[in-house]
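To start, the structure itself, in structure tokens.
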Amino acid sequence: MAISSTSVDYDQNLHSTFASRYVRASLPRFKMPDQPIPKDAAYQIINDELMLDGNPRLNLASFVTTWMEPECDKLIMASLNKNYVDMDEYPITTELQNRCVNMIAHLFHAPIGEDDTAVGVGTVGSSEAIMLAGLAFKRKWQAKRKSQGKPCNNPNIVTGSNVQVCWEKFARYFEVELKEVKLKEGYYVMDPTKAVEMVDENTICVAAILGSTMTGEFEDVKLLNELLMEKNSKTGWDTPIHVDAASGGFVAPFLYPDLEWDFRLPLVKSINVSGHKYGLVYPGVGWVVWRNKEDLPAELVFHINYLGSDQPTFTLNFSKGSSQIIAQYYQFIRLGFEGYKQIMENCRENTRVLREGLEKTGRFNIISKDIGVPLLAFSLKDSSRYTVFDISESLRRFGWIIPAYTMPPDAQHISVLRVVIREDFSHSLADRLIVDIVRVVKELEAAQQTHNTSIVNDGEVSEHRVREMQRGITKYWRRFVNDKKTSSVC
Ligand SMILES: *Cc1c(COP(=O)(O)O)cnc(C)c1O
């Protein structure tokens, strides 16, 4: 039998992918192609395009987990085809999510009843968790207002202007006004006194953040609880607190067990936490737990009959993967309290190493606090010659992804760099990063010097260059202001 040298089969089977015509053609971007291509060509082409993405391990912009043990990777791969919502078919997976909810509620000191079961649910991340918690507050407030014969069409939430973008989403999607306490230079979290002043009869809750996205700082939930109790007893209202512990929920219990921020405080009715941040699971998994059954209005809960017993569900999405829930349970039983504690201690220690290295350069002000989520937020002492945006851009050359951004209102004139220290960011990487930051700063300073000299030497051309440079910086700055809450800060 003759083999036709021009046939497609010949091309597919004999040559390497890179010798085939598939790598020669440009890829379809708008319309689905008419014909299939071989699987190895499809794999190679997509794999190669993805090489141009940043390396997740060097992405110091994100709180989200980038490394897990190979054993857990195996469990994840094995459950990729399991739809979480099929509780009847996959009752064990449902059971694992319930166990995770119970463990988290215990960790956050929920007043758990006789049967040891807590009220909560696994979500895609803290954003979905916050939508659910916010909805519960809105419904509770509406029901109470109705029972009092009062109007219930102007609900609001009080937060700091440092809130993560998902709160703004919640406010817009579910028609709740967001009342933001402004920040000021040197104070980058919600001031509890000002927050309580803003509370009125239409406030469905005050949202405090355990681990501000901008600086990692914990807001003073205990003081907020005290002040709000006082106001509630004076006014007869019962304004509750939600804690957005997206990043700090798996840090504080291990590093600062005596810090009271959770259900130990009576007004805290619900808490969200991102399993995919310091819960140490790949994206996306989050959790929301309520203090009591009464804090989650019954009409929001749907009931699924599974294996003859009742499984309540309260989520925005229907189908989703099971892997992340299974991975969360793996981390809980694999690491235990002590394991999480050691990892968080390592993160804190590596934060210290990096902080000391940066302080030694003499160029930076450290904005983040020692107590908080393990991250470093720092600004330039002198940004007249180059900015944190220049540093961020230059560090990309070495592979580091470190965001620079301006602070929220009213501290917009401060811009910072932020490095999130995750489990997989070791001491040696911290040392390496310091070396690269020093190198970049020196380069920027040297470039500036040459530039200044040329300004002195030939006036006209250089003036043009200075203007160009200023335009460049302004453009950059604007881009970051616009992107501030949607891209690099997550
Ligand atoms: C990350 C974060 C969120 C959003 O959480 P996702 O899990 O990414 O949806 C909300 N609030 C705070 C304080 C965060 O840090």
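Key figures
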| read-out | value |
| --- | --- |
| Förster-model FRET efficiency, 30 Å R0, Lys442 and Glu177, C-beta, rounded to 0.05 | 0.05 |
| Calculated FRET value between Tyr43 and Val165, using beta carbons and R₀ = 45 Å, to 0.05 | 0.85 |
| Selection from Leu300, Phe108, Tyr84 lying farthest towards where the dipole of the chain points positive, charges on Cβ | Leu300 |
| Dipole-positive endmost among Ala61, Gly399, Phe30 within the chain (Cβ charges, Cα centre) | Phe30 |
| Loop-resident sites, the range 350-388, for trypsin sites (Lys or Arg not before Pro), counting at most 12 other Cβ within 10 Å (DSSP) | Lys381 |
| Length released on extending from Leu80 to Arg139, taking residue separation times 0.36 nm less the Cα-Cα span | 17.7 nm |
| Kirkwood-based Rg to Rh ratio, the chain, C-alpha trace | 1.03 |
| Size-normalised alpha-carbon gyration radius of the range 70-157, reference 2.2 N^0.38 Å | 1.49 |
| Residue-by-residue Karplus 3J(HN,Hα) for the range 405-417, coefficients 6.51, -1.76, 1.60, Hz, glycine and proline x | 7, 8, 6, x, x, 9, 10, 4, 6, 9, 10, 9, 9 |
| Net +/- balance of residues flanking Gln324 in space, Cβ distance below 13 Å, scoring K and R +1, D and E -1 | +1 |
| Magnitude of the charge dipole, the chain, Cβ model with Lys/Arg +1 and Asp/Glu -1, debye to 20 | 1040 |
| The range 73-335: radius of gyration and largest Cα-Cα distance (Dmax), Å | 18.2, 58 |
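All of the numbers you see were taken from the coordinates with simple rules; none came from a lab. Keep in mind the model is a prediction, meaning the values are calculated, not measured. Quick reminder, even Gly has a Cβ in these numbers, built from the backbone with ideal geometry, and neighbours come from all protein chains shown.
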